[in-house]
Amino acid sequence: MGILSGLKILEIEGIGPAPFCGMHLADMGADVILVERPRGQRATTDDAGSVLKRGKRVISLDLKTKEGADAVKSLILNADGLIEGMRPGVMERLRLGPETCHAINPKLVYGRVTGWGQTGPLSQAAGHDNNYIALSGALWYAGKSGQTPVAPPTLIGDVAGGALYLTIGMLAAIHQAEKTGIGEVVDAAMVDGSAHMMNLLLSAQSSGLVSEKRGASLLDGPHWFETYECKDGKFITIGSLEPQFYALLLTKLGLENDPDFTSQFDQSKWPEQKRKLASLIKSKSRRDWCNVLEGTDVCFAPVLNPREASEHPHMSSRQNYLTFNGQIEAAPAPKFASHISSFERKKHSPIALESALESWS
């Protein structure tokens, strides 16, 4: 039982953002039925992508047949929402587009997630996460001056700009449908979502805190907002933006009386300050720096791989990771006070059409 208990979501099998959205809703208690292709048509094995299937009920249907499409329509009759991540026009060709579905269930929220969106000159072109965030502007600051921009795979476009915006859009439209009885089509495009995410930086840009030139802003240029390599080849991050945090950083590093570091905001001095600070950080291991800086107002954190993150005391105390079948996976987020301990990791379960229809009747 979760905060979305009673919500009925039909998910059409896809990759990336669509199943992530379905998992997110299932994590929060929604009853998600995943419509998979028959085994012979699927490109994955039963366990591939199982994290994104968790908590869902799974039904196998061939949507290219009239029988398969009709079965989906029978489920749509009592569904609150539908999620699909096909290229624009595919669902229409399967006789399952929004117009058809709304004729069956006018209150249905029809959620669509793609890279380029349902309309526009590029809507029919293939693409991936890095392409979408490159065009939206979100990739621009993901790198240092003079270096190739690189962003974490899937996180900015597929998940943040796509899946999470689809989740927000679905819940907003379902809220509206509950009041009006009228459904909606949610067009969640990764290029749209990742562009929208730029507004915090664009706001800072308008106030002069962020430059369009990479490496010349408060968040990507100075020595006090940087990732550094340690003696053991591991990394730490420092983000001492505010003057009081910067003063504490200098004290913790024994640099409070060093004239080379007295000027925090003089950009002309940043390269040399960064060079000297990098040399100092590399003189000790990551563990050593954690002992000195972690938990202080320096604004510090070690760079951890997922396994290390799952074992960190803070992450562990908040139960941010769980282990299932020997593999770690991230726990549901966000947390709700009334359901803080209610999540029970459930494997996806195959069901028959009759059972699905009976439970949603």
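The values are calculated or read from the model by the stated rules, or taken from the named source; none is laboratory data. All of these numbers come straight from a predicted model, not from anything done at the bench. Cβ sites come from the backbone with ideal geometry, for glycine too, and all protein chains shown count toward neighbours.
Pairs, please: C-beta under 7 Å, at least 6 apart or cross-chain, first residue more than 15 Å from residue 36 (Cβ to Cβ) and in segment 336-351, second modelled with pLDDT of 75 or more and small (Gly, Ala, Ser)?
339/2; 342/2; 343/331; 346/55
Please determine whether any residue of segment 152-166 is modelled with pLDDT of 95 or more, at positive phi and in the same structural domain as residue 125 (by TED's automatic domain parsing).
The answer is no, given that none of the residues of segment 152-166 is modelled with pLDDT of 95 or more, at positive phi and in the same structural domain as residue 125 (by TED's automatic domain parsing).
Condition (residue is of a type in the set (A, V, I, L, M, F, W, C), on the phi < 0 side of the Ramachandran plot and either in contact with a strand residue (DSSP E or B) (Cβ under 8 Å, 6 or more places away or on another chain) or not in a loop (DSSP other than H, G, I, E, B) (or both)) applied to segment 40-54: is it met by at least one residue?
yes
Could you list, in sequence order, all residues of segment 218-241 that are in contact with a Leu (Cβ under 6 Å, 6 or more places away or on another chain) and over 19 Å from residue 262 (Cα atoms)?
Those that are in contact with a Leu (Cβ under 6 Å, 6 or more places away or on another chain) and over 19 Å from residue 262 (Cα atoms): none in segment 218-241.
Assuming residue 354 fulfils every condition listed in (1) modelled with pLDDT of 95 or more; (2) among the charged types (D, E, K, R); (3) more than 24 Å from residue 216 (Cα to Cα) apart from one, which condition is it?
For residue 354, the failing item is (1).
Being of a type in the set (A, V, I, L, M, F, W, C), assigned by TED's automatic domain parsing to the domain that holds residue 83 and modelled with pLDDT of 95 or more is true for just one of 142, 172. Which residue is that?
Result: 172 is the single residue among 142, 172 that is of a type in the set (A, V, I, L, M, F, W, C), assigned by TED's automatic domain parsing to the domain that holds residue 83 and modelled with pLDDT of 95 or more.
Among the residues in segment 298-306, are any buried (at least 17 other Cβ atoms within 10 Å of the Cβ), at positive phi and of a type in the set (A, V, I, L, M, F, W, C)?
Within segment 298-306, one or more residues are buried (at least 17 other Cβ atoms within 10 Å of the Cβ), at positive phi and of a type in the set (A, V, I, L, M, F, W, C).
Sort through 191, 185, 150, 159 and tell me the only one that's in contact (Cβ under 8 Å) with a residue 40 or more places away in the chain, among the β-branched types (Val, Ile, Thr) and not in a helix (DSSP H, G or I).
Just a single option satisfies the conditions, and that option is 185.
On the given criteria, is residue 204 without any contact (Cβ under 8 Å) to a residue 40 or more places away in the chain, surrounded by 14 or more Cβ atoms within 10 Å (Cβ to Cβ), farther than 15 Å from residue 293 by Cβ and out of contact with any Lys or Arg (no Cβ under 6 Å at 6 or more places or on another chain)?
yes
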